[in-house]
Structure formats: structure tokens, C-alpha cells
């Protein structure tokens with residue numbers, strides 16, 4: 001298949017365009033401008049060219065922690081600018097540090113519903129802690145300052161949690177409803193459907209534990225209750241979406257108007273009589 005006819009890069013998980021999502025006043029997000037994904041540490045040369053030539057991506061935002069960037073550094077592509085906006089530190093999210101993962105998994109498994117509680121707490125942190133708010137504020141500021149309207153990709157490791165909350169922040173600024181934000185967030189399950197089923201089966205067989213398999217499944221899944229925890233936390237701290245955008249992320253009315261003008265398509269005129 002010719003390079004530019006390939007729909008998606010083969011070595012980027014959970015890669016997708018936010019184009020077409022309905023935002024403020026029924027206007028849809030312009031296709032080909034805003035992308036989210038999992039890490040880009042295993043790109044092939046073809047994938048790299050695809051990002052530039054097919055998708056026109058000129059900036060990449062890495063939301064991962066320091067240890068993740070060291071463990072799996074982004075592939076550097078000539079012509080693309082890179083920004084690091086770590087939304088959770090290794091200390092705030094010990095699961096991202098490979099040295100802590102086994103110990104954390106054991107701790108989580110010792111508590112009923114431990115995985116779900118851990119992730120709900122992480123999502124609350126991502127909309128309330130200074131580090132996370134600064135990271136997502138910088139992401140939004142890049143979009144505000146993107147005067148030439150070039151395409152931007154942001155990612156974490158799976159493209160599910162930190163990229164999911166970052167995407168929620170962008171979509172809130174564009175006037176997307178929370179239910180539609182949730183729909184986009186839950187699409188990550190579609191991208192990981194077969195991989196997660198395989199992991200579930202392997203853990204069940206090798207560990208002889210349905211509890212271990214279910215715990216890992218909860219950690220790897222996008223669940224409505226996780227993102228809802230973030231919404232609840234920002235409502236409590238900032239009084240709702242407007243307060244979160246302005247007081248949490250530092251966006252002005254002018255910034256929000258600019259984002260909507262740049263990234264939302266005009267409403268199509270009704271056909272004449």
C-alpha cells in the first residue's frame with residue numbers, strides 16, 4: 001500500500017483525529033488539526049513520514065513523566081517541534097516508573113476495587129494539582145499560539161489517561177458537551193480491545209488468578225467512572241467548566257474565542273429555498 005494511502009501509523013497506539021466532534025454552537029472540530037495518541041517511541045521511518053506528509057503534524061506534546069521519557073524516548077522527527085508537559089510526576093503516579101510497578105500492583109490487589117480507586121484518584125489529581133494544571137495550561141497555550149493552524153499531536157504512554165484528560169480540557173475549551181467528551185474518551189477501549197483481552201487471558205492463565213486479571217483489566221481500560229471523577233473534582237474545586245478553563249488553566253475569554261474560531265468549522269449555510 002502506498003505510504004500516503006495508509007490510514008494510520010502502524011507503530012502508534014490509540015492514534016486518532018478529533019475532527020468532526022461537535023463543539024460550541026453546533027460547529028464541528030476541523031479535521032486534520034488536533035490529534036491524540038499513545039507514545040511514539042517505536043515509530044518506523046514510514047510512520048514518521050506519515051505524520052509529516054499525510055497528517056501535517058508540526059508539534060508533539062509529551063505528557064509523560066521523566067522516567068517514562070527516559071525509558072521510551074520519543075522518536076525525533078526532523079521538522080517537528082517537541083514539548084514536554086509532564087502532567088503527573090513519578091511520585092504522583094508511581095505506576096509510570098517501571099521500578100515501582102510490581103510493588104504497586106501488589107498493593108492495589110490487596111484492596112477490593114483497588115485499581116479503580118487508584119485511577120479515580122489519579123484523574124482527580126490531573127485536574128487539581130499544580131503540576132497537572134500547568135501541563136494542560138501549556139498544552140492549551142500552544143493551541144492558542146498556533147497562529148499558522150498547523151496540526152498538533154499530544155500523547156502519554158497509552159494515550160488513555162493523561163492524554164484523555166488533556167483532550168477533555170481541549171474539548172471543554174471548544175465547547176464540546178461532557179457526554180461527547182466521554183464518548184471520545186471511551187473510544188480508547190476500541191483501540192485496545194484485542195490487546196487487553198489477550199493480556200487478561202495471559203494473566204489469568206499464568207497467575208491462576210481471576211482477581212489479578214480483573215485488576216489489570218481495570219488499570220488498562222478507559223472507564224466512565226474515571227473521567228467522571230475528574231469532572232467531579234474540577235466542579236468541586238473550580239465551580240464547573242468555565243472556572244476550570246479560566247482559573248485552572250488560565251484561559252481568557254479572548255483565548256477561548258480564538259480557539260473556537262481556529263479549530264471549529266463554520267456552520268454550513270442552509271440551502272437556498
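Key figures
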read-out: Residue, farthest from residue 119 (Cα to Cα), within the range 162-188, restricted to residues that are surrounded by fewer than 17 Cβ atoms within 10 Å (Cβ to Cβ) and either touching a strand residue (DSSP E or B) at 6+ places or on another chain (Cβ under 8 Å) or at pLDDT below 95 (or both); value: 177
read-out: Verdict on residue 75 being under 17 Å from the mean Cα position of the chain (by Cα), closer than 21 Å to residue 152 by Cβ and at pLDDT 90 or above; value: no
read-out: Failed criterion for residue 31 (all others in (1) touching a strand residue (DSSP E or B) at 6+ places or on another chain (Cβ under 7 Å); (2) part of a loop (DSSP other than H, G, I, E, B); (3) crowded, with 19+ Cβ neighbours inside 10 Å hold); value: (3)
read-out: Which numbered condition residue 261 misses (of (1) surrounded by 13 or more Cβ atoms within 10 Å (Cβ to Cβ); (2) modelled with pLDDT of 95 or more); value: (1)
read-out: Residue check, residue 59 at pLDDT 95 or above, farther than 19 Å from residue 122 by Cβ and outside any loop (DSSP other than H, G, I, E, B); value: yes
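Rundown of residues vs (1) surrounded by 13 or more Cβ atoms within 10 Å (Cβ to Cβ); (2) free of Cβ contacts under 8 Å to residues at least 12 places away in the same chain; (3) touching a helix residue (DSSP H, G or I) at 6+ places or on another chain (Cβ under 8 Å); (4) at positive phi, yes/no style:
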position	(1), (2), (3), (4)
11	yes, no, yes, no
24	yes, no, yes, no
39	yes, no, yes, no
42	yes, no, no, no
53	no, no, yes, no
57	yes, no, yes, no
67	yes, no, yes, no
71	yes, no, no, no
85	yes, no, yes, no
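The values are calculated or read from the model by the stated rules, or taken from the named source; none is laboratory data. What you see is a predicted model; the values in this text were computed from it and never measured. Don't worry about glycine lacking a Cβ; one is built from the backbone with ideal geometry, like all the others, and counts go over all protein chains shown.
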